[in-house]
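Q: So that we are looking at the same thing, I have put the structure below in structure tokens.
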Amino acid sequence: MSNTETVKAIYEAFGRGDVATILDKLDDAVEWENTTPLADVPWLQARRGKANVLGFFQSMAPLKITRFEPHTIFDGGDKVFVLIAFEANNGGKRYSFPNNGHLWQFNAAGKVVKYDHVTDTAQMIRMARGE
């Protein structure tokens, strides 16, 4: 399976709520959101290791995701960058990210070793606060 295929499989699992399949694609020592963690956004916290990545999915529970559509994939070999049309509701307010970015980095075994959002951080903070 190519790294791009792995990312697509992760998104398919996310759509099904299948966190176990996502965790299976990660290296045991994966770095999650370590580039620019945001203290005010629970799902954009730095995490290390598969066991701690589970907290990412749990932190998103208050959000009602209404759109999650990967629309552009850039394959850089050991790095895959994806643009996603993402919309969610929190506290009755709607938030839209037409080009929410995800950067996936892989090791030689095809496991994710690093994952980061590239996003509108100001809007993410507003969404986390329900503003």
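The values are calculated or read from the model by the stated rules, or taken from the named source; none is laboratory data. The structure displayed is predicted, hence computed values, not measured ones. Cβ atoms come from the backbone with ideal geometry, glycine included; neighbour counts cover every protein chain shown. Quick note on the areas: whole protein, heavy atoms, side chains included, nothing else; ligands and nucleic acids left out. Shrake-Rupley method; radii C 1.70, N 1.55, O 1.52, S 1.80 Å.
Q: With springs connecting C-alpha atoms under 10 Å apart, model the chain as a Gaussian network and identify which of Pro62, Pro70, Pro42 has the largest mean-square fluctuation.
A: For the chain, modelled as a Gaussian network with Cα springs under 10 Å, the answer is Pro62.
Q: Also, I was wondering about something else. Hey, what number do you get for the chain at 222 nm if only DSSP H runs of n ≥ 4 count, each worth -39500 (n - 2.57), divided across all residues, to the nearest 500?
A: After summing the helix terms and dividing by residue count, I get -8500 deg cm²/dmol.
Q: What does the accessible area per residue of the range 38-111 come to in Å², with a 1.4 Å probe and no ligands, DNA or RNA counted?
A: 51
Q: Follow-up. How large a share of the accessible area of the range 1-110, in percent, is made up of carbon and sulfur atoms when the probe is 1.4 Å and the other protein chains stay in place?
A: For the range 1-110, the apolar C and S fraction of the accessible surface comes to 51 percent.
Q: Given all pairs of different Cα atoms, what value in angstroms does the Kirkwood hydrodynamic radius of the range 1-113 take?
A: Here the Kirkwood hydrodynamic radius works out to 14.7 Å.
Q: For the Cα atoms of the chain, what angle does the longest principal axis make with the long axis of helix 3-16, in degrees from 0 to 90, nearest 10?
A: The angle comes out near 40 degrees.
Q: Another one. Please give every one of the lysines within straight-line cross-link reach of Lys64, meaning a C-alpha to C-alpha distance under 20 Å, and leave out same-chain neighbours fewer than 8 residues apart.
A: The qualifying lysines are Lys93.
Q: Taking the chain as the reference, fit the longest principal axis to its C-alpha atoms, fit the long axis of helix 50-59 to the helix C-alpha atoms, and give the angle between the two in degrees, 0 to 90, nearest 10.
A: Helix 50-59 sits roughly 20 degrees off the main axis of the chain.
Q: Something else about it: Setting aside same-chain residues fewer than 8 positions from Lys79, which aspartates and glutamates have a Cα under 20 Å from its Cα?
A: List returned: Glu5, Glu12, Asp24, Asp27, Asp28, Glu31, Glu33, Glu69, Asp116.
Q: Still on this structure: Stokes-Einstein D for the range 38-97 at 37 °C, 0.692 mPa s, Kirkwood Rh over Cα pairs, in µm²/s?
A: My calculation gives 245 µm²/s for D.
Q: Size of the dipole of the chain about the Cα centre, Lys and Arg at +1 and Asp and Glu at -1 on the beta carbon, nothing else charged, in debye to 20?
A: It works out to roughly 340 debye.
Q: Grab the eigenvalues of the alpha-carbon gyration tensor for the range 77-126, scale each by 5, take roots, and send me the semi-axes largest first in whole angstrom.
A: 28, 10, 9
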